[in-house]
Amino acid sequence: MTPDGPEDFDEFVAVYWPRLVRVAHMLTGDFHEAEDLVQVTLVKVYAQWRRLSHVDIQVYVRQALINNNRSRLRKKRVAQLLSPFIPEALHRSHHGDAEALEHRAVLVQAMSALPARQRAVVILRYWDDMSEQDVAEILNCSVGSVKTHAHRGLRALRAHPELATYTSARS
């Protein structure tokens, strides 16, 4: 996939939209804000599309997503209520969905308590299954910094009262 024109951009969006929205949802804690964040990011990426090389596309988009989320947080500076449920998941009626939704709600609540940098590292490293080197490149920091943020983020998640209560109740 080379960034030559609108068709390639459309193909990129079609392939990566769900993954970008999932990552953005974990960053924002709200499905609708996540979609908005991805849309804003993709508008900015489209403006630079012809200048991007084949290797840089995914890294560039993730960096832009993280940076746009930071900008969104700086601009708002207002406490937001996080919706613990993904709207489309509410309409499924498979066995175990209630338990999965409860687990997701607890996880989203715990993730929302993390500082933005730790949350970004934990999401990219464990949710998006990226290497420490890739996360460092996206966040423009050292691998050691990624390891530190991951360690502190996981420690905070383990100590989070809602998550600890949920995991101890399930044991």
Yes/no for Ala47 being modelled with pLDDT under 85 and not β-branched (Val, Ile, Thr):
no
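In the list Ala110, Ala105, which residue meets the criterion of being at pLDDT 80 or above and open to solvent by less than 40 Å² (accessible area, probe 1.4 Å)?
Details: Ala105 fails: at pLDDT 80 or above.
Of Ala110, Ala105, the one residue that is at pLDDT 80 or above and open to solvent by less than 40 Å² (accessible area, probe 1.4 Å) is Ala110.
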In the set Ala100, Ala64, the lone residue that is assigned to a helix (DSSP H, G or I), among the aliphatic types (A, V, I, L, M) and modelled with pLDDT of 85 or more is Ala64
Number of positions in region 123-138 that are open to solvent by less than 10 Å² (accessible area, probe 1.4 Å) and either within 12 Å of His149 (Cα to Cα) or aromatic (Phe, Trp, Tyr) (or both)
4
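Conditions (1) open to solvent by less than 10 Å² (accessible area, probe 1.4 Å); (2) among the charged types (D, E, K, R), marked per residue:
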residue: His25; (1), (2): yes, no
residue: Asp36; (1), (2): no, yes
residue: Val40; (1), (2): no, no
residue: Gln48; (1), (2): no, no
residue: Leu52; (1), (2): no, no
residue: Asp56; (1), (2): no, yes
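The values are calculated or read from the model by the stated rules, or taken from the named source; none is laboratory data. Note that the structure is predicted; figures quoted are calculated from it, not measured. Side chains included, ligands, DNA and RNA excluded: accessible areas come from the protein's heavy atoms. Shrake-Rupley method; radii C 1.70, N 1.55, O 1.52, S 1.80 Å.
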